[in-house]
Structures are given as structure tokens and as C-alpha cells.
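Comments concern the structure below.
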Amino acid sequence: MKPTPRPIDPTKRTFVPPPPELSAKAALNIGRIFVCLLVLPLLFEIGAWFTPSRTNLAATTVRSGVQWLLMRVLSEGNLAVHLGREGWLFDQRAMDRVVHAKREESRLHADMIRLAARLKAQETTLMVVIIPARIAIYPEQIRSGQYAGPVRVKEEAAKVDELKAAGIDVLDMTDAMWNFGERNQVFFSQDSHWTPEAMKAVALALNKHVREKFPRLGNTETPIINATILEHTDVGDLARQLDPRHAVNLLGTEEANLISIQGIDPDARSPIVLHGGDLMRVYDDPGLSFGGGGKAPRAGFATQFSTLMGWSLDVRGMPRPEETYEDKKLVICLLPMAELVP
């Protein structure tokens, strides 16, 4: 059988080369390579369940490499962390809070109103100190532009008014933190917590507010304390969410100058109760950012506020329904705005 002759271009009387075709073998090899690239990280993850010591190292290495490419090439973070401008990191939930129209109701907001009613019955005042989110103070790190004030969720004003209507003494620090941020850094770029300088500014404002409204609760004598200056470095909790293993190589570290204070310890007999979560414990708990990983530095909000007031405080975690406040004169709750108004 004679082979089929190639078509001839009548104008040039030359052979026209046939269009390139992908052979079945070449297509199969390309498919194999593609499948291997998809399956390899999955195998690392599956292996990590059974042999965490060795295979988990391989899995995290693959993740770190992919995250490096995402950051350097596409300027992207991951599902948990949004990569902003100039290396700033933001919790993705904080981003969703600002852009989503529908939000779940805050249980904490209702709990505060119920707690205020309980305390009012025993003639105890509830004071709520509200700390803004990082995105409210640094919106230009998300979208470049000139901002005249902090970025707020529209429901915040109404929720704060409801707290005041329930008899709660509310100290909303959003505007104060915005003004403070014009000359000082309020939050770290790679960590979700506030800086020591911002924490001290809030402690000073709260001390002034409490002394004006409750002059008998403030001590006029200077307490005897032992203060030590500490320099701590940390990569930041948001950076660790971005790359758990190689965050330092990817983003570097940030510094915090702390003042560790010894001499005023928490006391359950104090007439003042101070409630709070990570914002209150960040420079006291060695397991949190800038904690040093060793002995507790004793440089957090409760320590700073106790020193300014001149008295020991009854320091507790976030309020719980079973909390009792017998013989208490003032209950203070340090709350992030994002938890009070999701």
C-alpha cells in the first residue's frame, strides 16, 4: 500500500509540514508528572499521621516552599492569614468581619448585659474597656489611601449604646488608639497583639478614668516595686500561622521592649476585678507572643494597671456565668471589639 502523499502548496510547490500532534505516550507521561505533583504533598500529609517525627518534617518543608512562592510571586497569604501591604499580616476572620454584611450575634455582648444586671443588684459597677481590631487602625495596609479615622463595622455604635443603656460604664478606645497610632505603633505587623506602648497608653487612660469616678479605689502612695527592662523578640503569631516551621526565614522577627514589674501580685481579696483574654495576658504568659518561653515576664496589662492604681487586683480570665463578685466594688472587662461585636 502506497503512503498518502503530503499536501503541496500550489503557490510555492513545496511540502506543507503537518500540524504537530501529541503522541499517546507523551500525553501519558505528562499526565503522570501532573498526578505526581498533586499526590506527593498528599502522601506527606497522610504519612504524617503515622510517622510524625520524620514525614511531618517533609510535609512542613513542602508547605513552606509553596508558601514562599505564594508570597514572593503572587503576594498571597493562606486561608487563615491575609497578606497586606508592606509585609503586614491580618487574620482572615478580621477581613471577613469588615466585608461581610451578615454576622452572627455575639454571645459576649449579651453576657455583658446580664452581668451588669447582676452586679447592679449588689451595687457593683461594671466597666467595659473596648480595644479596636488591627484592621480598624491600619486600613491603609489593606487598601492604599488616606483615611480620616478608624474603619468601623456599622453595628459597633449601636452595640456600644446598648451596653451604656444597660448601665455599663464603657470606655471605647478606638478613637484614642487611632490618635495614638499617628505617632506610635499600636499593633505589630506580624502579630495580632498590641504593642507594649499601646498597652501602657490604655492602662494610663483606664487609671485616670477609674480614679475620677472611684477616687477611693486608687492608692495615693507609691508602691514598692522592682522594675526590670526586658528586650524580647518574636516572629508573631500571624507569621506562624502563615508558615509554622520557617516563619523566621520567611518574614523575620519583631522586637518588644518590656518593663517587668515585681512587687504587686494579684490578690483575690481585691475590691477590683479585672477580666480579660490574650490582650491582658500577652506579656505575662510565657506561652504567648513575646513571652520569652521561660519564666513569666510579668509585664502585661494587669501588672501595668495594678502599678498605676497602687493596689493588687483580682485578675481573672474571660467572664463566666458562674463567677461570683462578693465584696467587689468594680468589675473591669478588657475586651476586643471584634469579640464584642463580631
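Listed from fewest to most Cβ neighbours within 10 Å, the set TYR325, TYR283, TYR138 follows the order TYR325, TYR138, TYR283.
Between GLN190, GLN146, GLN241, the GNM of the chain built on Cα springs shorter than 10 angstrom shows GLN146 fluctuating the most. Only helices enter this figure: runs of n ≥ 4 DSSP H residues, each worth -39500 (n - 2.57), summed and divided by the residues of the chain, yield -12000 deg cm²/dmol at 222 nm to the nearest 500. Computed about the Cα centre, the dipole magnitude for the range 143-228 is approximately 100 debye when only Lys and Arg (+1) and Asp and Glu (-1) carry charge, each at its Cβ.
Sort 131-137, 310-316, 270-276 by packing, meaning the average of other beta carbons within 10 Å per residue, with the highest value first. Intermediate results must be reported in sequence, preceding the final value.
Details: 131-137: 24.7, 310-316: 19.3, 270-276: 21.7.
Peptide ranking by packing, descending: 131-137, 270-276, 310-316.
At q = 0.10, 0.19, 0.23 Å⁻¹, what log₁₀ I(q)/I(0) does the range 174-282 have when each alpha carbon counts as one equal point scatterer in the Debye sum? Values returned for q = 0.10, 0.19, 0.23 Å⁻¹ are -0.41, -1.19, -1.41.
For LYS329, the aspartates and glutamates whose Cα falls under 18 Å of its own Cα, not counting residues fewer than eight places away in the same chain, are GLU123, ASP169, GLU212, ASP267, ASP314. Highest mobility in the GNM of the chain, judged by mean-square fluctuation with C-alpha springs under 10 Å and restricted to PHE214, PHE187, PHE305, is found for PHE214.
Using the alpha-carbon atoms, what tilt in degrees (0 to 90, nearest 10) does helix 55-74 show relative to the longest principal axis of the chain? That helix lies at roughly 90 degrees to the long axis. Mind pulling the angle between the C-alpha long axis of helix 24-50 and the longest principal axis of the chain? Nearest 10 degrees, somewhere in 0 to 90. For 24-50 against the chain, the angle is about 30 degrees.
Ranking PRO139, PHE180, LEU279 by how far each Cα lies toward the positive end of the dipole of the chain (charges on Cβ) leaves PRO139 at the top.
The angle between the Cα long axis of helix 155-165 and the main principal axis of the chain comes to about 20°, on a 0 to 90 degree scale.
Please compute the alpha carbon radius of gyration of the chain, then divide it by the globular-protein estimate 2.2 N^0.38 Å. Two decimals is fine.
On the way: Rg = 28.7 Å, N = 342, 2.2 N^0.38 = 20.2 Å.
Computed over Cα atoms of the chain, the ratio equals 1.42.
An ellipsoid equivalent to the range 81-170, defined through the eigenvalues of its Cα gyration tensor, has semi-axes of 32, 13, 11 Å when rounded to whole angstrom and sorted largest first. Projecting the Cα atoms of SER64, GLY310, ILE225 onto the dipole axis of the chain, where Lys and Arg carry +1 and Asp and Glu carry -1 at the beta carbon, places SER64 farthest toward the positive end. Normalised by residue number, the volume inside the convex hull of the Cα atoms of the range 219-307 is 104 Å³ per residue.
Charges were assigned to the Cβ only: +1 to each Lys and Arg, -1 to each Asp and Glu. The resulting dipole of the chain about its Cα centre is roughly 1500 debye. Placing unit charges on each Cβ (+1 for Lys and Arg, -1 for Asp and Glu) gives the chain a dipole about its Cα centre, and among ALA24, GLN190, LEU108 the Cα reaching farthest toward its positive end belongs to ALA24.
Where a number appears in this text, it was derived from the coordinates with a stated rule and is not lab data. Quick caveat: nothing in here was measured; it's all calculated off a predicted structure. Please note: Cβ atoms are built from the backbone with ideal geometry, for glycine as well, and neighbour counts cover all protein chains shown.
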